[in-house]
Amino acid sequence: MSVSPVVPHHIAIVMDGNGRWAKRRFLPRLAGHKQGVDSLRRCVRACAERGVGVLTVFAFSSENWNRPADEVSGLMELLALALGREVPQLKKDGVRLYFVGERAGLSQKVRDGLVQAETATAENTRLVLNVCFNYGGRWDIAQAAASLAARGEPITEASLHGAMGMSHVPDPDLVIRTGGEMRISNFLLWQSAYAEFVFSDRLWPDFDESALDEAIAAFGSRERRFGKTSEQILPAHPDPMPG
Ligand code: FPP
């Protein structure tokens with residue numbers, strides 16, 4: 001008898017390795033990012049099929065502006081292109097899109113595209129897809145604190161959570177980073193406090209369904225204690241000699 005895997009409700013992914021995928025094929029870095037979009041499409045479908053409720057991906061960090069100008073403009077164009085191509089299917093597939101990050105730094109065209117995509121999918125309930133774009137964990141904490149201060153509201157864990165970009169979803173259960181590096185790179189600093197981490201050597205374009213299943217299986221094998229002891233987490237042993 002096969003046992004169904006414990007599926008995390010919220011998976012978050014640092015999609016790293018597009019550049020190396022392209023370099024290994026003597027292709028420009030942008031070719032790797034294009035392949036990354038294909039991998040993301042496959043991952044969204046796989047997550048929906050497995051019953052994941054929320055998928056959050058890191059598509060463009062606050063620090064990515066420091067990349068060569070042609071790569072930055074290429075990523076902006078890729079986002080606009082991907083939205084045009086993917087949103088109709090996402091809409092049919094029941095995926096609700098949110099963009100999390102600082103919009104002020106983006107062009108009006110990109111900003112309009114984000115609003116249109118969010119509006120077009122606003123009725124969907126099967127899977128929430130958060131695309132972190134022009135996002136940084138430190139930026140999110142700082143902007144939340146600043147907005148509370150500007151409103152004269154007290155700064156507490158609950159009020160900060162409510163003012164942050166991911167307040168519409170519960171915290172991630174599983175954070176995956178592809179591409180072999182083992183660091184957080186300013187992703188979901190606040191929200192990943194009790195997440196389980198899985199680091200995959202696969203480059204993001206090569207991260208397929210089997211790699212996702214491996215990460216989900218690793219998650220299922222972990223004991224999540226949330227600061228408690230193992231004994232507090234495990235169900236109490238039944239009395240061997242009742243009566
Ligand atoms: C990191 O790989 C990846 C990014 C900075 C971009 C991620 C973007 C996508 C997966 C495509 C989806 C994006 C949009 C715009 C919808 P890297 O370039 O740092 O790879 P490397 O570490 O091998 O150089």
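Looking at the chain, the accessible area is 54 square angstrom per residue; that uses a 1.4 Å probe and ignores ligands, DNA and RNA. For the pair residue 229 and residue 64, a Förster radius of 51 Å applied to the C-beta separation gives a FRET efficiency near 0.80, rounded to the nearest 0.05.
Considering only Cα atoms, the convex hull volume of the chain works out to 175 Å³ per residue.
Within a straight-line Cα-Cα reach of under 27 Å, residue 92 can be paired with the following lysines, leaving aside sequence neighbours fewer than 8 residues apart in one chain: 34, 109. Partners of residue 228 within straight-line reach, counting aspartates and glutamates whose Cα lies under 20 Å from its Cα and excluding those fewer than 8 residues away in the same chain: 157, 171, 173, 196. The chymotrypsin sites (Phe, Trp or Tyr not before Pro) of segment 1-72 that meet both conditions, a loop assignment by DSSP and at most 16 other Cβ atoms within 10 Å of the site Cβ, are 26. Per-residue 3J(HN,Hα) values for segment 53-63, derived from phi via the Karplus relation 6.51 cos²θ - 1.76 cosθ + 1.60 with θ = phi - 60°, read x, 9, 10, 10, 10, 9, 9, 7, 8, 4, 8 Hz in sequence order (x marks Gly and Pro). From the backbone phi of segment 171-178, what are the Karplus-calculated ³J(HN,Hα) couplings (6.51 cos²θ - 1.76 cosθ + 1.60, θ = phi - 60°) in whole Hz, Gly and Pro given as x? For segment 171-178, the Karplus-derived couplings read 4, x, 8, 10, 10, 10, 10, 8 Hz, x marking Gly and Pro. Applying the Karplus relation 6.51 cos²θ - 1.76 cosθ + 1.60 with θ = phi - 60° to segment 106-116 yields 3J(HN,Hα) values of 9, 5, 4, 4, 5, 4, 4, x, 5, 5, 4 Hz, where x marks Gly and Pro.
Enumerate by residue number the GluC sites (Glu not before Pro) in segment 47-141 meeting two conditions: DSSP loop (anything except H, G, I, E, B), and at most 11 other Cβ atoms within 10 Å of the site's Cβ. Answer in residue order: 123. Tell me the carbon and sulfur percent of the accessible area for segment 13-97, rounded to whole percent, probe radius 1.4 Å. For segment 13-97, the apolar C and S fraction of the accessible surface comes to 54 percent.
The values are calculated or read from the model by the stated rules, or taken from the named source; none is laboratory data. This structure is a prediction, so every number in the text was calculated from the model and none was measured. Neighbour counts are summed over all protein chains in view; Cβ atoms, including those assigned to glycine, are modelled from backbone coordinates with ideal geometry. Quick note on the areas: whole protein, heavy atoms, side chains included, nothing else; ligands and nucleic acids left out. Shrake-Rupley method; radii C 1.70, N 1.55, O 1.52, S 1.80 Å.
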